[in-house]
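Reading through the structure tokens given below for one structure.
The values are calculated or read from the model by the stated rules, or taken from the named source; none is laboratory data. Please read all numbers here as calculations on a predicted model, not as lab measurements. Positions of Cβ are backbone-derived with ideal geometry, glycine not excepted, and every protein chain shown enters the neighbour counts. Heavy atoms of the whole protein, side chains included, go into the accessibility calculation; ligands, DNA and RNA do not. Shrake-Rupley method; radii C 1.70, N 1.55, O 1.52, S 1.80 Å.
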Amino acid sequence: MNSPTGVADTPKVPSPPANGAPAKRRTPLDVRHLSLIGVLLALAVVGAFTKPDEFLAAENLRLILTQASVIGVVTVGVTFVIIGGGIDLSVGAIVALASVWATTVATQDFGLGGMLLCSVLVGVGCGLVNGLLIAYGPMVPFIATLAMLASARGLALQISDGKTQVVTVESVLDLGVKDAYVLGIPPIVLVFAVVCVIGWLLLNRTTFGRRTVAVGGNPEASRLAGIAVKRQRLLLYLLSGLCCGIAAFMLIVLTGSGQNTNGNLYELDAIAAAIIGGTLLSGGRGTILGSVLGVLVFTTITNLFALNNLQTDIQQIAKGAIIVAAVLVQKGRSSHD
């Protein structure tokens with residue numbers, strides 16, 4: 001095809017690396033993913049050795065997946081935000097606010113559809129506020145989401161008056177019983193799986209995913225390349241809010257109630273899972289698979305400690321050690337890239 005100047009356009013060919021080395025190709029499973037799978041297998045061996053009857057029981061394995069599902073959906077949204085160069089400290093508070101708002105008497109009058117819609121709209125609304133403050137404020141993500149954390153928690157407390165709001169809608173409660181299982185799998189776990197698949201496709205097979213990585217890696221170069229950086233950041237926080245709304249409804253189904261204490265420390269668990277899964281805190285790199293494996297590692301550790309009646313403080317120390325090790329591995333890999 002000829003350009004307006006009459007000179008034939010030449011196809012753009014990516015330039016080779018400056019050092020002449022071949023370009024690295026991404027593989028579905030990198031070393032970090034394999035390492036996390038190894039950790040999961042090691043934890044399974046520990047569980048099988050210490051509590052063989054309890055840990056390997058189908059009911060316990062379902063419990064692990066169920067517990068991982070709610071925080072896992074939140075982690076998918078957080079992973080996108082971190083890859084895009086941001087941070088979201090408000091996800092736990094948004095889950096609490098959405099769960100409380102969706103379980104008020106007025107909302108429950110609209111049934112399952114009304115509760116689900118309310119939960120999602122609250123999550124997206126909070127994400128919109130975060131995105132506008134950060135992208136167009138402009139405000140530092142840490143400060144904006146910290147303010148949302150405090151505000152959402154306060155509003156959840158005000159709406160619930162500090163009381164547990166019990167769900168009375170039978171169609172919602174029925175989703176948590178065994179009769180609703182599909183091939184022995186709870187609906188909550190299926191929702192988690194669907195969110196993970198959609199998240200993976202969005203990050204790896206769409207322009208939105210490529211723009212997210214570009215903005216997180218170098219926002220100025222992305223702007224010069226024609227990417228609407230502010231809009232992309234806004235969309236990332238909307239996505240995070242959407243995941244929080246979905247997770248809030250899953251938590252409602254799981255507990256049959258809405259509480260202002262829901263989602264406590266979810267922000268730390270989600271960020272930690274993303275980090276040990278290989279997502280760089282500085283942005284520009286991360287995988288959905290890694291984050292999911294990170295969630296499963298933490299959930300399995302929690303399950304093992306509960307089965308063996310070990311103290312919670314030791315569990316927190318173990319999680320902290322894993323996070324430190326993951327960050328050190330990140331730094332080591334970055335220095336060799």
Given axes a ≥ b ≥ c from the Cα gyration tensor, I'd like to know whether the stretch 87-145 is rounded (a/c under 1.5), prolate (a/b larger than b/c) or oblate.
prolate
Taking a 1.4 Å probe, which of V100, V46 shows the most accessible area, and what order do the others take after it?
V46, V100
Excluding ligands, DNA and RNA, what is the solvent-accessible area per residue of the chain at a probe of 1.4 Å, expressed in Å²?
51 Å²
What residue among I143, I276, I317 has the largest mean-square fluctuation in a Gaussian network model of the chain, using Cα springs under 10 Å?
I317
Provide the solvent-accessible area of F55, counting protein heavy atoms only and rolling a 1.4 Å probe, rounded to the nearest 10 Å².
10 Å²
Residue of V197, V81, V91 that the Gaussian network model of the chain assigns the largest fluctuation, springs spanning Cα pairs under 10 Å
V197
Based on the alpha-carbon set only, what is the convex hull volume of the stretch 65-203 divided per residue, in Å³?
118 Å³
Would you list the P(r) distribution for the chain, with all Cα-Cα distances sorted into 10 Å bins from 0 and each bin expressed as a whole %?
6, 23, 31, 24, 10, 4, 2, 0
Where a Cα-Cα gap under 16 Å defines reach, which aspartates and glutamates qualify for K51, not counting those fewer than 8 residues away within the same chain?
E59
Where labels lie 7 Å past Cα in the beta-carbon direction, separation of L56 and V327 in nm
3.8 nm
From Cα pairs below 8 angstrom and at least 6 apart in sequence, can you work out the relative contact order of the chain, rounded to a whole percent?
31 percent
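For the chain, with all protein chains present and a 1.4 Å probe, just round the carbon and sulfur fraction of the accessible area to a whole percent.
C and S fraction of accessible area: 68 percent.
With a sphere of radius 10 Å drawn around the Cβ of I134, what net charge do the other residues whose Cβ falls strictly inside it have (Lys, Arg +1; Asp, Glu -1)? Could the numbers behind the result be given before it?
Details: positive: K230, R233; negative: D88.
Charge balance near I134 sits at +1.
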